[in-house]
1. Looking at the range 74-89, I want the residues that are farther than 14 Å from residue 125 by Cβ and have a partner that is buried (at least 24 other Cβ atoms within 10 Å of the Cβ) and of a type in the set (Gly, Ala, Ser) with Cβ atoms under 7 Å, at least 6 apart or on another chain. Which pairs are those?
2. Take residue 36 and decide whether it is acidic (Asp, Glu), within 16 Å of the ligand (Cβ to nearest atom) and modelled with pLDDT of 95 or more.
3. Can you run down the residue pairs with Cβ atoms below 7 Å, 6 or more apart or on separate chains, where the first is in the range 56-69 and farther than 12 Å from residue 41 by Cβ and the partner is more than 16 Å from the ligand (Cβ to nearest atom)?
4. Please count how many residues of the range 103-146 are under 24 Å from residue 44 (Cβ atoms), surrounded by fewer than 17 Cβ atoms within 10 Å (Cβ to Cβ) and of a type in the set (Gly, Ala, Ser).
5. Check the range 41-54 and report whether any residue there is within 22 Å of residue 135 (Cβ to Cβ), crowded, with 17+ Cβ neighbours inside 10 Å and out of contact with any Lys or Arg (no Cβ under 9 Å at 6 or more places or on another chain).
6. What tally of residues in the range 50-100 results from selecting those that are within 16 Å of the ligand (Cβ to nearest atom), of a type outside the set (Ser, Thr, Tyr) and in a strand (DSSP E or B)?
Amino acid sequence: MSDHHELSTENPELIREMLLGSGYAEKAIDYYLRREHMGSLPDANQISELTGQCGDTMKIFLKIKNNIIQEAKIQVLGCPGAIASAMAAMEMVKGKSVEEAAAIRDGDVYKIIEQLPDQKQHCIRLSIKTLQQALEEYTAKKVASS
Ligand code: FES
């Protein structure tokens, strides 16, 4: 696991200052501190989990109806880069079709969160891989049941 896991949001201004100092954009920090899409969905019809090479884990909850992603939440056990990119990715997928969401790439998330330190680029990868895995599993289930 990365060494950022103990950061709490008890002192957001201090955390903001620290993250700015280590190369996070204000936008990325906002996503990290707000954590708007963090959590689980009791009525999800697709749940997938992925652990990255760094040891951080994401568990995604999607509510998909008529091929549209209606709700998306994600539980992230990971660094600020993982949390910021996962929050931005969940915001992007809402309202999209399964195919549109599957076409989202790391660069699309990067554009939204604006900047992460260089060594944190793989954190975006983990969010996208988790999303893609969920969509692949969902599509496979659908094919199997049709
Ligand atoms: Fe593991 Fe960021 S260090 S996702």
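The values are calculated or read from the model by the stated rules, or taken from the named source; none is laboratory data. Quantities reported herein were computed from a predicted structural model and do not represent experimental measurements. Note: ideal-geometry Cβ built from the backbone for every residue, glycine included; neighbour counts use all protein chains shown.
1. Within 7 Å, the pairs are 74/86.
2. On the way: acidic (Asp, Glu): yes; within 16 Å of the ligand (Cβ to nearest atom): no; modelled with pLDDT of 95 or more: yes.
Here the answer is no, as residue 36 does not meet what is asked.
3. 67/97; 67/98; 68/95; 68/97
4. Going through the range 103-146 one residue at a time, the tally reaches 5.
5. Looking only at the range 41-54, we keep the residues that are within 22 Å of residue 135 (Cβ to Cβ), and these are 41-53.
Still in the running and crowded, with 17+ Cβ neighbours inside 10 Å: 41, 44, 46, 48, 50, 52.
The next check asks that each one be out of contact with any Lys or Arg (no Cβ under 9 Å at 6 or more places or on another chain); those that pass are none.
Scanning the range 41-54 turns up no residue that is within 22 Å of residue 135 (Cβ to Cβ), crowded, with 17+ Cβ neighbours inside 10 Å and out of contact with any Lys or Arg (no Cβ under 9 Å at 6 or more places or on another chain).
6. Residues of the range 50-100 within 16 Å of the ligand (Cβ to nearest atom): 50-60, 74-90.
Going one step further and asking which of them are of a type outside the set (Ser, Thr, Tyr), we end up with 50, 52-56, 58-60, 74-84, 86-90.
Within this subset, residues satisfying the condition of being in a strand (DSSP E or B) are 50, 58-60, 74-77.
Residues in the range 50-100 being within 16 Å of the ligand (Cβ to nearest atom), of a type outside the set (Ser, Thr, Tyr) and in a strand (DSSP E or B): 8 in total.
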